[in-house]
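The values are calculated or read from the model by the stated rules, or taken from the named source; none is laboratory data. Predicted, not measured: the structure shown is a model, and the values here were computed from it. With ideal geometry, Cβ positions are generated from the backbone for all residues, glycine too; neighbour counts draw on all protein chains shown.
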Amino acid sequence: MMNVLLTGGAGFIGSSLAEKLLQHPDVFLVIADDLSTGRTSNIPMHPRCVFKKVDVNNYEDISSLFFQYSFDYVFHYAATVGVQRTLRLPVQVLEDLHGIENILKLAKNGRVKRVFFSSSSEVYGEPVEFPQNEETTPLNSRLPYAIVKNASEAFLKAYYQEHGLRYSIFRFFNTYGPKQSTDFVISKFISQALKNEPVTINGDGQQTRTFCYIDDNVDATYNIFLQVIENPDTENHIINIGNDNETPILELAKLIIRLTGSKSTIQHLPPLPEGDMKRRLPDITKMRSILKRPLVSLEEGIQKILQHPVFLKNIHHESY
């Protein structure tokens, strides 16, 4: 049996990964989350899964789990998330540096074979080239959230250099799915459209994003986990996890209004003061080679959400 720690496992992406990890018959999963943005309803009910309410940024809290379970693998997904939240609470965002440092200090002293880390496309900052490649694109981060992710990647590389602790870094681009809160653009637009409320866009809507359906995100990261189990000496990964279909936000809003049959109009709000990058477009060559199947299209993914009972329940809750 492999003991696996998943921090942030009550959140959207973390809980979706948890369900996938539990498909492996040899995984015993410990989910750690302080529930500041996660929800207990997201946590899988499974005999090989336990939940601990723990603040990963508090060393005493998280160290107790390492001493109790002696983990083989760690997925560190806990973080302050959401554009508005991270802009409003920059000090809280910076405190997440304690989390990665705690995880790595504890992992290097135990039997942990690898740390899997949820980084972000935000490390690229305002892009200087397209598509954004893991190896060649400069990291141009400025905001606290992006700086924390960038510094966390540096922590991982440093601990490998000094202590031989292997890592896989997942640079997540916009990911969406049924369990995502309405803090995020697709879920927000769908929620507004289903209520026939104005669909609100910051700025002119010409800023572009790529949108990765949750199944593609989870399947890619889980396949990397399987590679590592089979060969623990697999090279360290830095990999973009996303979709490469670039979509203007205005076109996204129009698509959602059409697919929901909504009477909503589009309302333009003032641009965000900072952090709303003009373009995002990842190089997902590595991800495609790992996934080995076509990615879910944006229209197909939205339709999946609209048919999913979890989303229809969650739109009545405004925060995780």
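Table: residues versus (1) among the hydrophobic types (A, V, I, L, M, F, W, C); (2) closer than 27 Å to N231 by Cβ; (3) touching a strand residue (DSSP E or B) at 6+ places or on another chain (Cβ under 7 Å).
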{"residue": "M1", "(1), (2), (3)": "yes, yes, yes"}
{"residue": "G14", "(1), (2), (3)": "no, yes, yes"}
{"residue": "Q23", "(1), (2), (3)": "no, yes, no"}
{"residue": "D26", "(1), (2), (3)": "no, yes, yes"}
{"residue": "I43", "(1), (2), (3)": "yes, no, yes"}
{"residue": "K52", "(1), (2), (3)": "no, no, yes"}
{"residue": "F67", "(1), (2), (3)": "yes, no, no"}
{"residue": "V81", "(1), (2), (3)": "yes, no, no"}
{"residue": "R88", "(1), (2), (3)": "no, no, no"}
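Let me confirm something: among K195, K157, K188, which residue is within 23 Å of L106 (Cα to Cα) and not aromatic (F, W, Y)? Talk me through it step by step, then tell me what you get.
Details: K195 fails: within 23 Å of L106 (Cα to Cα); K188 fails: within 23 Å of L106 (Cα to Cα).
Among K195, K157, K188, only K157 is within 23 Å of L106 (Cα to Cα) and not aromatic (F, W, Y).
Quick one: which strands (runs of 3 or more DSSP E) lie wholly within the range 66-178 and hold at least 1 residues that are without any contact (Cβ under 8 Å) to a residue 60 or more places away in the chain and farther than 19 Å from G242 by Cα? Explain how you work it out, then say what you get.
On the way: elements: 73-76, 114-120, 166-172.
Hits in the range 66-178: 114-120.
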Practice task
Determine if the range 270-286 includes at least one residue that is modelled with pLDDT of 95 or more, charged (D, E, K, R) and under 17 Å from L139 (Cα atoms).
Solution key: yes
Handout entry: Unique match (being over 25 Å from the mean Cα position of the chain (by Cα), farther than 19 Å from V123 by Cβ, modelled with pLDDT of 95 or more and not in a loop (DSSP other than H, G, I, E, B)) among L259, L252
Key = L259
Problem - Qualifying position, being surrounded by 16 or more Cβ atoms within 10 Å (Cβ to Cβ) and more than 16 Å from the chain's Cα centre (by Cα), among P144, P90 - result: P144
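Quick one: would you say K179 is within 24 Å of A253 (Cα to Cα), under 22 Å from the mean Cα position of the chain (by Cα) and not β-branched (V, I, T)?
Details: within 24 Å of A253 (Cα to Cα): yes; under 22 Å from the mean Cα position of the chain (by Cα): yes; not β-branched (V, I, T): yes.
Considered against the rule, which asks whether it is within 24 Å of A253 (Cα to Cα), under 22 Å from the mean Cα position of the chain (by Cα) and not β-branched (V, I, T), K179 comes out as yes.
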Exercise for the section: Can you tell me which residue among Q307, Q267, Q207 is polar (S, T, N, Q), surrounded by fewer than 13 Cβ atoms within 10 Å (Cβ to Cβ) and modelled with pLDDT under 95? Expected result: Q307
Completion exercise
The lone condition F130 fails out of (1) aromatic (F, W, Y); (2) closer than 25 Å to N57 by Cα; (3) surrounded by fewer than 16 Cβ atoms within 10 Å (Cβ to Cβ) is (2)
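Just checking, which of I190, I201 is outside any helix (DSSP H, G or I), more than 26 Å from D283 (Cα to Cα) and not assigned by TED's automatic domain parsing to the domain that holds G9? First the steps, then the outcome.
On the way: I190 fails: outside any helix (DSSP H, G or I).
The unique qualifying residue is I201.
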Completion exercise
If you go through N223, N217, N240, the only one that is within 19 Å of the chain's Cα centre (by Cα) and either surrounded by fewer than 18 Cβ atoms within 10 Å (Cβ to Cβ) or assigned to a loop (DSSP other than H, G, I, E, B) (or both) is N223
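Being more than 23 Å from K286 (Cβ to Cβ) and among the polar types (S, T, N, Q) is the requirement here; does T175 meet it?
Values: more than 23 Å from K286 (Cβ to Cβ): no; among the polar types (S, T, N, Q): yes.
No, not satisfied.
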